[in-house]
Structure formats: C-alpha cells, structure tokens
C-alpha cells in the first residue's frame, strides 16, 4: 500500500506538499494560497484539474505586471483549485482594504503546521494570516486510505475586534482530458443567472438574463450539461442557483472517469460556472485553454465583494467568530 507525504520540494520557487495514496496523487502549493494544483486519479493517470498554459509564477518572484486589479491574480494563476477569501470576484474596496481579483488568500503563502502519515490517515494542515483583512485561515487536506477521495476541511476566523463582511469561493477548475465534448455535467439546480457584466465576444448569453437549468432557448439552444468543442470558441460565466443538494458530477465515458464534488449547501448557495472553452482569447490565455470552473460560492455576482454586500449575498464574521467549510472530491469509473 502506498501511503506517503513529502514537503521536500518546490515548484517554480513555491514550496509544495505532495500526498499520495493507492488511489490519488495530490500536489499542494503551500507557498501560494495552499492551492491544490494537481489531483491525479491513479487508475486512469488523469489529472482532473486544469493546468494553466501561460508562464505563471510565485507572487513573491518580483514580477508584477500590475500591482492590483485583474492580473495580480492571473499572473500567478496555475489552474487547479484555490480557496478564495475574503473577496471572491472582481477588484473591489471594502472597509478601506483594496482587493484584486479573487483577493487575498490565494496570493498568500501558507505555512505547513502538521503532517500525518500513517496507516489510518494521510493529511497536511496549512495556516495563514491575511494581510489586508483580520482573517486567519486553517486548511487541512486529507486523502482517504481505502478509496479515491480527497477532503478539504477549512476554517476562517476573524481575529479583529469588529465584524467584517466577506465572500468565500472554492475556485475549482477542471480541465482536459476530463473536460471534453464526450463529458457530461450534472448539477441538482433549477435556475441559471448570467453574470451581469459578461461582455465578451464569445459569450452565448445576454448579461443579466435568467433561465431554467439546463437549457437555454435563446438565439440558439444551449445545453449547459454539455461541453462544446474547442473550435466553437465559447466563453461564458453564469451562476447556478436554487440548488437542491450540495454536489455536482462530471463524467467522461471515453476515459472511463467520473468526478464528484460535495460541499455544504448551507454555506455555498451558488455555483459559479466559468466556461472558457477555447473562447478566452485575451491575456493571459489567448485561446489556449479549454476548461471549466465549477466553483461553490457564498455570494454573487462576479463583480466583487462590494456588490455582494449591496445585494445581500455577502456573509459577516463577527469579532472572534469562525466559519468552517468541508468539501470532498472523489473519482470513480463510469
């Protein structure tokens, strides 16, 4: 039986943690947000996560194309899975703190506090204190010993002396070969809300419109359970809402692989569904990426925390209060 964990390596100058069971092989960028950059299903040798094609690097590498705004995030975006708190979405300014896109936890280095490697448990615990907001983050990433399942148990705590508003996004990006025209998405939801500021040429939907899951019957019929081929150059962003249960699945019979993501519905009321399927033709991707983001989130819209506060979907942490989040990802044959 393979049960192992290592903290001896770096990637692009970033401290990483490697975890491996009989079923899954995981890479965690401890030195950058505690990102989960790879989840490899060992039965099929497939990394289910999207890997960015551009030259991303460490936030501490000295290269900053823009100090804030959108590229503070994108310059250092490896793909994979980021836990984004306290400001999911676009650049914003809250309580005097300016945030770039998806600020600030995913640009913060985490410390490895504990590793457990024995016949009963395989896990790593990471911690960080944010700079612009009084939030401490503790993240424990664990592999099941007897099945292909990864779990992430995370707690955020307000160590300030006043309440703070926040939004929390699990930025999970799935990529090829899992994402493919042969794959199919299933989500137990009722409504689709098109992002109000969606304004790219490759978008199929009108900003701000709503329709019933899973089909859009506008100028063309679109089934959101399916993934169009890359040469169609699609790029959409919607929010899935009125969820009946906290999970979704993606299955691809061509590679005999399914993925199930489970999350707490009482915390994450929405799934942001990002669809850059060949249609992200500007920086930094220039049409090179074919992936989706299926991202449980507390709040909408993508415009940022300021608008989430205005529309009442932001959450509040009282002084000294903590909020816990538990997610799991499992793989299976189809």
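The values are calculated or read from the model by the stated rules, or taken from the named source; none is laboratory data. All values derive from a computational prediction rather than experimental measurement. Please note: Cβ atoms are built from the backbone with ideal geometry, for glycine as well, and neighbour counts cover all protein chains shown.
None of 206, 249 is more than 21 Å from residue 297 (Cβ to Cβ) and either out of contact with any helix residue (DSSP H, G or I) (no Cβ under 7 Å at 6 or more places or on another chain) or buried (at least 18 other Cβ atoms within 10 Å of the Cβ) (or both) except 206. Listed residues 33, 57; which is touching a residue at least 40 places away in the same chain (Cβ under 8 Å), within 16 Å of the chain's Cα centre (by Cα) and assigned to a loop (DSSP other than H, G, I, E, B)? Matching residue, one of 33, 57: 33.
Within the stretch 4-11, is even one residue touching a helix residue (DSSP H, G or I) at 6+ places or on another chain (Cβ under 9 Å) and either surrounded by fewer than 23 Cβ atoms within 10 Å (Cβ to Cβ) or at positive phi (or both)? So far as the stretch 4-11 goes, no, none of its residues is touching a helix residue (DSSP H, G or I) at 6+ places or on another chain (Cβ under 9 Å) and either surrounded by fewer than 23 Cβ atoms within 10 Å (Cβ to Cβ) or at positive phi (or both).
Scan the stretch 283-296 and tell me whether some residue there is modelled with pLDDT of 95 or more, assigned to a loop (DSSP other than H, G, I, E, B) and in contact with a helix residue (DSSP H, G or I) (Cβ under 8 Å, 6 or more places away or on another chain). No, the stretch 283-296 contains no residue that is modelled with pLDDT of 95 or more, assigned to a loop (DSSP other than H, G, I, E, B) and in contact with a helix residue (DSSP H, G or I) (Cβ under 8 Å, 6 or more places away or on another chain).
The criterion of at least 3 residues that are surrounded by fewer than 21 Cβ atoms within 10 Å (Cβ to Cβ) and modelled with pLDDT of 95 or more is met by the following strands (runs of 3 or more DSSP E) wholly inside the stretch 69-180: 111-117, 122-129, 135-143, 149-158. Criterion applied to 317, 277, 240 was being under 24 Å from residue 133 (Cα atoms), touching a strand residue (DSSP E or B) at 6+ places or on another chain (Cβ under 6 Å) and either buried (at least 21 other Cβ atoms within 10 Å of the Cβ) or touching a residue at least 40 places away in the same chain (Cβ under 8 Å) (or both), and the one residue passing it is 317. Scanning the stretch 255-271 for residues that are in contact with a strand residue (DSSP E or B) (Cβ under 8 Å, 6 or more places away or on another chain) and either part of a loop (DSSP other than H, G, I, E, B) or more than 19 Å from residue 328 (Cβ to Cβ) (or both) yields 255, 263, 264, 267, 268, 269.
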